[in-house]
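The values are calculated or read from the model by the stated rules, or taken from the named source; none is laboratory data. The model shown is predicted, which means the values in this text are computed figures rather than measured ones. When we count neighbours, we look across all protein chains shown, and the Cβ atoms used for this are built from the backbone with ideal geometry, even at glycine. All accessible areas refer to the heavy atoms of the entire protein, side chains included, with ligands and DNA or RNA removed. Shrake-Rupley method; radii C 1.70, N 1.55, O 1.52, S 1.80 Å.
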Amino acid sequence: MMTNNNDWLKSVYSDGSKWFVSNPLPKKGEKITIALQLSEDSPVKAVVLRTKLNGVERLFKMKKITDKNILATNTANGLSRYETSIQVFEKELRYQFYLTTEDCIYYYTENGITTYIPNEAYDFRILTDYQQPTWVKNAVFYQIFPERFCNGNPDNDVKDNEYVFDGYPVKKVKDWNSVPEEYEKAHCLDFYGGDLEGITQKIPYLKKLGITAIYLNPIFYGATVHKYDCLDYFHVDPHFGGDEAFEELCKELHKNDIKIILDVSINHTGIACKWFNRDGTFFPKTQGAFNNPNSEEREFYFFGKDNSYKSWFNVTTLPTLNYTSEKLRNRLYRDSDSLVKKWLKPPYSTDGWRFDVADTMARNDELQLHHEVWPEIRKSIKEENSQAYILAEDWSDCTDFLNGDEWDSPMNYIGSSRPIRQFFGETDILNTRLPELNNVKYKMTAKDFSGRISSILNRLPFAIRQVQFNLLGSHDLPRMHNNPKISKDAYKGAVIMMFTLPGSANIYYGDEAEIDGTAPAMEGCRYPMPWDKDIESTDAYKMYSTLTKIKTTSPAFADGGFKFLWDEDYVVAFARFTPKDLFITVASSDTEDREIKLPIYIFGKDFSKNIPKTDVFGNKLETSVDSGFLKVKIPAGKSYLIDLSIK
């Protein structure tokens, strides 16, 4: 199977899944068995697991498994398996492997194999007592911006001039299919009438698409269309149907086995929030902190002597919350009837929270309280629902929050959207903010992509990696398919990548309908859902529905391994696999045809026996197998998802 003396190194593999750890989610004090696999033809003489226990380096010689029952269940044909057992007492177990041959010791970490002793930065990591939301591992989320999704009850629509906010009157948009106006003209006060009853009515549509969870942008009482400027955390906006409509939505979603997570900002409120209430727009001025220095809520904010106040990025309509206040913490997440707990309880029984601008929450210059507050929030949430998902907005590297005691995942821009979109030709979204960076036209290579993904994934505990929230776009990002520089082939490749990376997948409402939009304006990604269109006949709908079925049913995407197989020129290939399942994602942004050579022997001999003639979408493949390598001809710019699973 191997064509040169060192090909066996490609077959060395372990991770934190159930295929390699007897219990991937152990409790403190539990004994677990850890395994490693490699080609049975390798020259390895011994395998050693290296770790630290109580701060002291320990070496455990691993036993080669000969038990046919263990091998038949956990290891594919053609591979050897080594195991050892360790009792875990600390917050996490970190380890690496030493493999000896006749004349060399090879050192294996999440970052690959070296012939020198590596540091511990990329050790394999198993968390103890981590409450993983297991349903997220192969979930397909559908993100809904409620105001633009579906108008299920016109009776609750905003009326023209119903109120004035920050000096501007609200407007009811009469034509559902009209193009949203830019912020400078509409000020996020142009209401189309989308509501929660509309979402409830569209559950059959979502179910047919294959959705397993809803991520709902803010629904609490708010002045603008986006509702991030909350007026009252404890009631659903009446123009969305109020608390009763939300209760009915939750009931119907759960009846259809669809989870729901809510979106909220607890970094700031709106100026019209009843706690702040600057202008008395919705509540009398006798209520709230701005006009009442002795009010209980005064300590919830940062006020100066002249009644000036701190706001999020100096946006004066969004005053920042002050987490030195114990009363604020009680109302938001500690008390039994706090914001966080109320909506997790019946009759709503929501399945988690998405926290807006979580990267900056409780971080105010000399007051850096974030690593104090987030573990408290997690504890409160998990007390109510141990399976609740904690999703946080952060656009960059935030691995210091991903250790099992704060967030489950960020909005994974850093590990999915940003590198994927750059690979297919866009400038990294954060680099567009500065002309000196935006003006550099560099084409990302396959090695750039694999390096960028690996630099994030390889630092995460496997149990955290499994629940990452992968996405291409959102309410904060122009839709990729609306970019005229992005071809249909490039968009397809991007979607395949997003769906097949470790973690869940997210569809931003309307992407499957090829919804219109503009770039780069913010309102350009918030167009109303085109219900008049024959959505199910679109290429995008067919692509998404194929991927949702595979994502939610194949064990490879819930508990399977992940490995890059090819990263040459502008073609990337990676595998998701178990002992019986093997999916290979191939994505090309190349302008030339290429032939790639994939070492599928490293997953076991049987995967070479039944090479499909088409990919999962029915596209014809040009392939051949030679000595355990799968050769695939890749036309310029084409992408595939290839299923080699043993049927």
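Only Lys, Arg, Asp and Glu count, each charged at its Cβ (+1, +1, -1, -1), so figure out the dipole size of segment 414-491 about its Cα centre, rounded to 20 debye. The partial results should precede the final answer.
Working: 12 positive and 6 negative charges, 24 e Å.
Here segment 414-491 has a charge dipole of around 120 debye.
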- Rounding to the nearest 20 debye, state how big the charge dipole of segment 512-594 is about its Cα centre with +1 on each Lys and Arg Cβ and -1 on each Asp and Glu Cβ. 540
- Query: For segment 231-320, what is the accessible area per residue in Å², given a 1.4 Å probe and the full set of protein chains?
  - Reply: 43
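Pairwise over distinct Cα atoms, reciprocal of the mean inverse distance: report the Kirkwood radius of segment 128-252 in Å, one decimal place. Present the calculation step by step, with values, prior to reporting the outcome.
Details: mean 1/r = 0.0636 Å⁻¹.
Mean inverse Cα-Cα distance, inverted, gives 15.7 Å.
Could you sort 436-449, 488-501 so that the peptide with the highest average Cβ count within 10 Å comes first and the rest follow in order? Write out the running numbers ahead of the final one.
Details: 436-449: 13.9, 488-501: 23.1.
Going from most to least packed, we get 488-501, 436-449.
Highest mean first, how do 329-335, 244-250, 630-636, 428-434 rank when packing is the count of other Cβ atoms within 10 Å averaged over residues? Each step should come with its number before you reach the end.
On the way: 329-335: 19.0, 244-250: 20.7, 630-636: 17.4, 428-434: 13.6.
My ranking of the peptides, most packed first, is 244-250, 329-335, 630-636, 428-434.
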- Message: What number do you get for segment 536-585 when its Cα radius of gyration is normalised by 2.2 N^0.38 Å, N = residues?
- Response: 1.35
- Task: Please report, in debye to the nearest 20, how large the charge dipole of the chain is about its Cα centre when each Lys and Arg carries +1 at its beta carbon and each Asp and Glu carries -1 there.
- Result: 2080
- Note on the structure: What the 5 Å binned alpha carbon P(r) of segment 1-116 shows, as percent of pairs per bin from 0, is 2, 10, 22, 24, 20, 13, 6, 2, 1
- Task: Kindly provide log₁₀ I(q)/I(0) values, in the same order as q = 0.10, 0.20 Å⁻¹, from the Debye equation applied to equal alpha-carbon scatterers of segment 191-337.
- Result: -0.41, -1.18
- Task: Calculate, in whole percent, how much of the Cα-Cα pair population of the chain lies beyond 50 Å.
- Result: 14
- Percent relative contact order of the chain, based on C-alpha pairs within less than 8 angstrom and at least six residues apart? 13
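With n ≥ 4 as the cut-off for DSSP H runs, can you work out [θ] at 222 nm for the chain, using -39500 (n - 2.57) per run divided by the number of residues, rounded to the nearest 500? Intermediate values should be presented prior to the final figure.
Details: 15 runs with 119 residues, N = 647.
So the calculated ellipticity at 222 nm is -5000 deg cm²/dmol.
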- Dipole of the chain, positive end: most advanced residue of F276, F145, P346 [Cβ charges, Cα centre]: P346
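Over segment 387-524, what lengths in whole Å, largest first, do the semi-axes of the equivalent ellipsoid take, defined as the square roots of 5 times the eigenvalues of the alpha-carbon gyration tensor? Numbers along the way, then the final one.
Working: eigenvalues 118, 62, 42 Å².
Ellipsoid half-lengths, sorted descending, are 24, 18, 14 Å.
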- Whole-number accessible area per residue in Å² for segment 26-126, which is evaluated in the context of all protein chains at 1.4 Å: 52
- Report in % the part of the accessible area of the chain that belongs to carbon and sulfur, leaving out ligands and nucleic acids; probe 1.4 Å. 48
- In Å, what Rg and Dmax follow from the Cα atoms of segment 256-323? 14.1, 54
- Query: In straight Cα distance, which lysines are under 26 Å from K28, not counting same-chain residues fewer than 8 positions off?
  - Reply: K18, K52, K61, K63, K91, K137, K379, K382
- Item | Neighbour net charge for N23 - beta-carbon separation under 13 angstrom, K R +1, D E -1 | +1
- Once Lys and Arg get +1 and Asp and Glu get -1 on their Cβ, which of I86, A121, S42 lies farthest toward the positive end of the dipole of segment 26-123? I86
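Determine the sum of side-chain charges near V495: Lys and Arg each +1, Asp and Glu each -1, restricted to other residues whose C-beta is under 15 angstrom from that of V495. Don't skip to the end; give the middle numbers.
Values: positive: R421, R479, K488, K492, K542, K549, K551, K638; negative: E426, D489, D511, E512, E514, D539, D615.
Result for the neighbourhood of V495: +1.
Which of K172/K208; K174/K251; K563/K613; K551/K597 have a Cα-Cα distance over 27 Å?
K172/K208; K174/K251
Place the peptides 175-183, 235-243 in order of packing, highest mean first, counting for every residue the other Cβ atoms within 10 Å and averaging per peptide. Present the calculation step by step, with values, prior to reporting the outcome.
Working: 175-183: 14.3, 235-243: 21.2.
Averaged packing, sorted descending, gives the order 235-243, 175-183.
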